[in-house]
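Quick notes on the structure that follows.
The values are calculated or read from the model by the stated rules, or taken from the named source; none is laboratory data. These numbers were taken from a predicted model, which means no experiment stands behind them. Every residue, glycine among them, receives a Cβ derived from its backbone with ideal geometry; neighbour counts consider all protein chains shown. Accessible surface is based on the protein model in full, side chains and every heavy atom, while ligands, DNA and RNA are left aside. Shrake-Rupley method; radii C 1.70, N 1.55, O 1.52, S 1.80 Å.
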Amino acid sequence: FVRISGTCLPRTHSFTCIGRPSFQVTCASNTMADKANRLLEDRARQAEALQQSGAFSQAEIKQTLRARARYEYALKRRRSTAAIFGRYIKFEVDLYDIWRMRQAAAEPLASNNVTTRGFMTRNILYLFQRALQQFRGNVGLWLEFATFSYSHASYRLLSEILSQALQFNPDCAGLWAFVATLEYRQRVLFSHEAP
C-alpha cells in the first residue's frame, strides 16, 4: 500500500494522463515493522497530549515512548507470547493509574483530561483485544479484561467480553463461576436500588 496524505492505495498502480507520459509510484512496504511504526506514531501524538496535560515531564514521555516501542516490536516478532501482552497491558494500566493520581491532585475537571482519559483507556482496551485475538484460550487474559472493564463501569463491554470468553472457553469452570458471581452482584445491587 502507498500512503498519500493519510490514505492508502493498492500496491500496484501506474498513473497515465492524456498527452503526458505515464509514471509509477514506488510503494511503501507493509511489513510488521511498518505496522508497529504506525502504532507508535499514533502513540507519539497521544504522548504530546499527555505532556500538554502537565501530568508527565518530557523525560517521562520519552521513557514511555521507548518502552512502548520495545513492547510493540516484541509483539511483532514471530513468537510473541501472552506474557509479553500481559506486561505491556500492565505497563499501560500503571501509566493510566499514575496519570489519574496526578490529575486528581492537580485539576480534576479540565477538558483535556476527558480526552486523555479516553485515549488511554482505548489503548488498554485495544491491547486486550489484540492479545485475545491471538490467545483466545487464555482464560487469565479474559478475566483481566473483564476486571478492567468492570472497574471502569463499562458494563456493556463487560457483557460482550464475558459472552465471548464463554464462547471460546465453554468448559472452564472458573470462568463460569466468575460470570455467576458478577451476575449475582449485579442482581443484588439492582434489587437494593429498586424502590
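Evaluating residue 108 against the criteria (1) modelled with pLDDT of 85 or more; (2) of a type outside the set (Ser, Thr, Tyr); (3) outside any helix (DSSP H, G or I) leaves one unmet condition, (1). Checking every residue in region 171-179 against the condition of being among the acidic types (Asp, Glu) and farther than 17 Å from residue 140 by Cα gives zero matches.
Beta carbons closer than 6 Å, at least 6 apart along the sequence or on distinct chains, pair a first residue in region 44-65 that is in a helix (DSSP H, G or I) with a second that is small (Gly, Ala, Ser) for 61/47; 65/47. Taking the conditions exactly as written (open to solvent by 30 Å² or more (accessible area, probe 1.4 Å), within 28 Å of residue 45 (Cβ to Cβ), out of contact with any Leu (no Cβ under 9 Å at 6 or more places or on another chain) and modelled with pLDDT under 90), does residue 114 satisfy them or not? Criteria met by residue 114.
Of the conditions (1) surrounded by 12 or more Cβ atoms within 10 Å (Cβ to Cβ); (2) modelled with pLDDT of 75 or more; (3) not acidic (Asp, Glu), residue 39 clears all except one; give me its number. For residue 39, the exception is condition (2). Of all the residues in region 53-103, those that are among the hydrophobic types (A, V, I, L, M, F, W, C) and open to solvent by 60 Å² or more (accessible area, probe 1.4 Å) number 3.
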